[in-house]
1. Give me a comma-separated list of calculated 3J(HN,Hα) values for the range 224-237, in order, Karplus coefficients 6.51, -1.76, 1.60 applied at θ = phi - 60°, integers in Hz, x for any Gly or Pro.
2. Say R0 is 41 Å: what FRET efficiency, to the nearest 0.05, do Tyr276 and Ser255 get from their beta-carbon distance?
3. Tyr175 versus Ala105, label points 7 Å from Cα toward the beta carbon: distance in nm?
4. If you take every residue apart from Leu261 with its C-beta less than 12 Å away from the C-beta of Leu261, what net charge results, scoring Lys and Arg +1 and Asp and Glu -1?
5. For the ranges 241-248, 224-231, what's the packing order if you count other beta-carbon atoms within 10 Å of each residue, average per peptide, and put the highest first?
6. Between Asp262 and residues 5 or more places away or on another chain, which pairs have amide H atoms under 5 Å apart, with H built 1.01 Å from N, and which residues are they?
7. Could you pull out every residue, at least 5 positions away or on a different chain, whose amide H is within less than 5 Å of the one on Arg208? Hs are placed 1.01 Å off N in the peptide plane, and Pro or chain starts have none.
8. Whole-Hz ³J(HN,Hα) for each residue in the range 128-142, computed from phi via Karplus 6.51 cos²θ - 1.76 cosθ + 1.60 with θ = phi - 60°, x for glycine and proline: what do you get?
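Where a number appears in this text, it was derived from the coordinates with a stated rule and is not lab data. All of these numbers come straight from a predicted model, not from anything done at the bench. Positions of Cβ are backbone-derived with ideal geometry, glycine not excepted, and every protein chain shown enters the neighbour counts.
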Amino acid sequence: MLVRLRNRWASPSILATAPLLSILLLGASGNFSSAFAQVQPDSTGAPPDTAVAEPPITFEPPVVTPPPPPPTPAQPQIETEEPMEEESLGDGLAGMGSLGFSIGAMKYLSGNELSDGSMRPILHGSFKYVLDEHWVLPLEGGWGWNAYGEGGGFEGPDSVATLAVVSPVTVGLDYRFQMNSPSVVPRVGAGLGMYLISIRSGRSEPSRDPVTDEKRKSASFGFYGKGGVEFMLKPTFWLNTDLMYHMVFSSDAESYPRGWLDDNASFIELRVGLNYYFTISGDGASEISGEDEE
């Protein structure tokens, strides 16, 4: 029996498969050994720990954001008073108009016979527009006379008490000087105008030239210059004084060969007046009166 088995295992087919069987047996024994080793208890006798190891827990302290700093209380602003500029006189009048009147005295300086008369009154009415704190546009009309003959120191051409009447209508430009005083404004001015001059006999009837029989009456171009001072009585009421010189180109020797209007005439006047200012444009009224608009 044994000889038979030995002969069978020693057969060529068995011997040919022996290496393959040995390799399979070695692999199976290795797997068995590995599996056996995994189930062997440790030295303490406790079964092996087959649980999956959890990652270590790390403690991170919470990030504490500091609260924002309290708002800085607003510092009270201390207003420093700037030195106030002294208000110039014309401030607040720009854009305003005025109505006024004046009364004064006039005297002819030239004009042949005209200069021999006595000083008599002259009246003016005026409208003014204040362009800015310096410049003023005045429009004026007036009426005045000089006397001749009885009471005048000269006998008129036709009868006693002859009058030489003048009616100037002028437009001009005044310049106001801004001074330190809050109530005084010096000024100068000049302008052009039309001057109506008439010689009246007996204070009512027109005088006539004895040669041409022309009425002694002339409408002539002229100009004036003046200087004066304004005084503030109230913010809208001003007193004005002026000294004025007028030159009238009234020479017409052909029409009046016997005099009176055969030469250019000139006269001076000294006057005092009152002007009331009112608002036309801008807010000058509130400024000049010191009233604040709401």
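1. Result, rounded to whole Hz: 9, x, 8, x, x, 9, 10, 10, 7, 8, 9, x, 10, 10.
2. Step by step, r from the Cβ atoms, then E = 0.45.
3. The two pseudo-label positions are separated by 3.1 nm.
4. -2
5. In descending order of packing, they fall as 241-248, 224-231.
6. Asp252
7. Result for Arg208 returns Arg216.
8. 10, 10, 8, 6, 7, 5, 10, 9, 10, 9, x, 10, 9, x, x
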